[in-house]
1. Taking just the C-alpha trace of chain A, give me its Rg and Dmax in Å.
2. For the pairs A:Lys72/A:Lys333; A:Lys72/B:Lys65; B:Lys30/B:Lys65; A:Lys118/A:Lys312; A:Lys333/B:Lys128; A:Lys307/B:Lys128, flag any whose C-alpha to C-alpha distance is greater than 22 Å.
3. Check which residues have an amide H placed less than 5 Å from A:Trp183's amide H, if you skip close sequence neighbours.
4. I'd like the isolated cysteines in chain A, meaning no second cysteine's beta-carbon lies under 4.7 angstrom from theirs.
5. Might you work out the accessible area of A:Arg121 for me, using a 1.4 Å probe with all protein chains in place, and round it to the nearest 10 Å²?
6. In Å² (nearest 100), what accessible area is buried between B and A, both sides summed, heavy protein atoms only, 1.4 Å probe?
7. Ordered by residue, what ³J(HN,Hα) values in Hz, to whole numbers, does segment A:77-90 give under the Karplus form 6.51 cos²θ - 1.76 cosθ + 1.60, where θ = phi - 60° and Gly and Pro are x?
8. What ³J(HN,Hα) values, in whole Hz, does the Karplus curve 6.51 cos²θ - 1.76 cosθ + 1.60 give for segment A:314-320 when θ = phi - 60°, with x put for Gly and Pro?
Amino acid sequence: MSIAESVIQTIEDKGAGAFVESYDPAEENMVINMGPVHPSTHGVLRLVLELSGETVLDCRPVIGYLHTGIEKECEDQTWRGAVTAVTRMDYLAPFHNEQAYSLAVEELLDLEVPPRGKYIRTLMSELGRLSSHLVWFGTSGLDMGAMSAMFYGFRERELFLDFYEMVTGLRMNHGYNIPGGVWQDLPEGWEEVCDNIVSIMPGRIDDYESLLTENPIWLERTKGVGIMSTEDAVRFGATGPIGRAAGLDWDLRRDMPYEAYGELSFDVPVASEGDVYARYQVRMAEMRESVKLVAQVMDKMPEGDYKNMDPKIMPPPRSELNRSMEAVIHHFKLVTQGYTVPAGDAYAAVESPRGELGAYVVSDGGTAPYRCHVRDPSFINLQSLASMAKGGLVADLIAVIASVDPVMGGVDR
Amino acid sequence: MSRSAGRLDTTDEQIWVEPGEWAARARDLKHEGWSLTDLAGLDTIALPGRGAFEVVAQLLNHELKRRIMVHVPAPGEPPTVPSVAGVWPVADFPEREAYDMFGIRFEGHPNLTRILMPDEWEGYPLRKSYGVGKVPIEFIPQPMMQTQGAGQSPKPRESDTDVDRLGQPEEEGIGDHEAAMRRAPFARAAQGEAGDDAASGSHLTPSPKEEPRP
């Protein structure tokens, strides 16, 4: 028995056969599987690693373990119903999924969203960014041994989930942004809850920073780790905090404003180091900016309709049904078959917590999407993982994955 | 496409590029500052005047702050277009996804394999000819339970519909069968692992305390 065979035999005897793909004793290179069920891969991400000792020579993501065919599912729904399917893609940013899809459908319909609808969407989008970054904060802290980060991040996240439940009725997968606006106005007392969030969060973010920003262990694990250059960020299409941490000064909210972002003032944090620590700093600064944006949106929240009341698109209010035959007919048609959308192609993108989240929607003039493709930022950002991981240690790879913050629901769709 | 003021200008123009020119045109576009943000396959079979398949690329110019949408028809069987993964490395995963979902071949792609579906999967799920609900679900048959219909809770399987027992001598009545299962619901699984399933001639295992039937 050769040395290679005996090593593999030993590995299999220890019950680890499923993880090792090959072993080359001359080079001392080993190809092993990390995942798909590994606590540090944030879901069912499998990485095939080529290792030389502890050094990562190559890293190949293998995905698809959470593929549920949501794009196909959309083709079987009405235009309104597909919102409930797309919201399940990136489960940490459900509002952004719905928003991108709704913007694309509105483009095909040439449908205007009333100002209050736009502001409500902006509010939910910024709160969604905060609650998503809190999960990133908690999980990446946990991955690198700072377990209290997990407790703090998830504690504050409850504030947001409670607010979502109050507004939409659900803690996740809300189906709240629909083509034409939002399906329901903000409930009574939303200002108090939002005020509470805006007053609590800055202090809590200070707490997080005091926990990690100057923590020597944290600095050791993140500074100079997983470096990506600006050129690589452009080459591999990295967007969002990863791109901005690598010096790519690009934010769709500022550069191609949508919804109410054109009327709000905010900074876009950018760093140039491109390492895990820079991504940490960018996300932390983004959270502070989001809190400011929420406060601004609360001040400027206009009165009026929260959705386009075009009766061909939006079901009439319940009170109308008792006295208007027209309303009953519209209601009946919208419930039984939905509305038609003019034939055409549209692409709309929003800045999700992980980068550009775009929806490419095709209509053949019918009552269901002909094709609904979502450009998920996690899916695209995973391509740059290899360039960040190569040459580093396995332990650094954990830090890199945490800093990329992939959501497998969005990657696999 | 008409567009009202103040709303998101998502895409400024849509252009159609012949598949033969796509690779060269992509290099030109990259030279002009366009970067690829998304690439998707599209089954155009039901869209009038648009062939069978298309590859749709979304390009973004960071300096002009504009987007364009590029349609590349994919003719032939299998549908084929040149890959642009060499021009924009970001196209790697999206092209694999379009191959996986539509069977579109990207000539020159470094590693054109399935990405979301299992490697041995047959068919291309997002094609219009691939219906919803036509794939048998690969659950392992549950030996003790049988669902009568949608929305009902699982019920104990009756021996006359027990596929595991087909062709085997009927040793016990239905009533005994159910009674035995109520007494020892997990006995069969344990016996199956022991490997004497076939030898016993029956899948039912009375609880150890029960006397053998005459």
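1. 23.3, 88
2. Values: A:Lys72/A:Lys333 24 Å; A:Lys72/B:Lys65 31 Å; B:Lys30/B:Lys65 15 Å; A:Lys118/A:Lys312 20 Å; A:Lys333/B:Lys128 26 Å; A:Lys307/B:Lys128 33 Å.
Going by Cα-Cα distance, A:Lys72/A:Lys333; A:Lys72/B:Lys65; A:Lys333/B:Lys128; A:Lys307/B:Lys128 fall outside the 22 Å limit.
3. Distant-sequence amide H within range of A:Trp183: A:Ile178.
4. A:Cys59, A:Cys194
5. My reading of the accessible area for A:Arg121 is about 0 Å².
6. Separately minus together, B and A give about 4100 Å² buried.
7. Calculated HN-Hα couplings, in order: 10, 6, 4, 6, x, 5, 4, 5, 7, 5, 5, 8, 6, 8 Hz.
8. Working through the residues one at a time gives 10, x, x, x, 4, 5, 5 Hz.
The values are calculated or read from the model by the stated rules, or taken from the named source; none is laboratory data. Everything numeric here is computed off the predicted structure, so don't read it as measured data. Neighbour counts run over all protein chains shown; Cβ positions are idealised from the backbone, glycine included. Each accessible area value is taken on the protein alone, full model and side chains, heavy atoms only, with ligands, DNA and RNA left out. Shrake-Rupley method; radii C 1.70, N 1.55, O 1.52, S 1.80 Å.
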